[in-house]
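> Got a structure here, written out as structure tokens. Questions coming.
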Amino acid sequence: MSVRGLHALRGHLALVLALAVAAGCAPLSQQQKRDAINALNGAFRVEYERILAADGTRVFKTDRKTALAAAQAAMTRLGMRLDEDVPALGFLSFSAPAPLPLTPAEWERVNEADLPRAQALLRPHVGWMADHFRFEPKGLDIVVNVTVAETARAQSTVSITMRMREVAPADLELPRRDYPPPTGVSIGLDKIWRALDQELRARGV
């Protein structure tokens, strides 16, 4: 779940840059913007890896074929479209415009929970302009990859990863933003696991 990427951040930086010019402040340099985005990337990557290590993989008492079918049905019900299906590898890739699989209300929870830290990370690089930052889903897709491995007789391990993908072309002079806000990852994983549990129960698992 999302989130915002470089394109959305650039839009906000453009807004605060205009405010800075109007106020007679010096404009942000490319290095300042690069450092700001790198600060977010680094902090969110650490949180992303921690969350996935704790809750990104679960074991189900079913074969891989059933788990894959249930995963596809669950993700479709959450509004995600299937982009890639490699049955031999037990791999499914889904995407949807952000904030899916989160609702707008859940996205507001992400802003409430994660904005203070994000603004604190940005402030050393962009100063008061950090106060104008928000996580915006516009211009982003959320990509969810599901991998299913049959680890024992009638038992499968399901692993989930979530990333952000810019729909608009990236500014090659600045780094990309790939990692969703931590609260968005947690909410998204919880929704996916609940939907998968429901689909497996419907199949008698």
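Bear in mind that the values in this text are calculations on the coordinates, not laboratory data. None of these values were measured; they are calculated from a predicted model. Ideal geometry is used to build each Cβ from the backbone, glycine not excepted, and the neighbour counts take in all protein chains shown.
> At what distance in nm do the modelled label points of Arg123 and Val46 sit from each other, each positioned 7 Å from its Cα along Cα→Cβ?
Modelled inter-label distance: 1.7 nm.
> For the range 33-157, what is the charge dipole size about the Cα centre, in debye to the nearest 20, if Lys and Arg each add +1 at the Cβ and Asp and Glu each add -1 at the Cβ? If you can, show how the numbers build up before the last one.
On the way: 16 positive and 16 negative charges, 37 e Å.
The calculation lands at about 180 debye.
> I'd like the FRET efficiency for Arg34 and Asp55, computed as 1/(1 + (r/R0)^6) with the beta carbon distance as r and R0 of 41 Å, rounded to 0.05.
Working: r = 32 Å, r/R0 = 0.77.
Step by step, r from the Cβ atoms, then E = 0.80.
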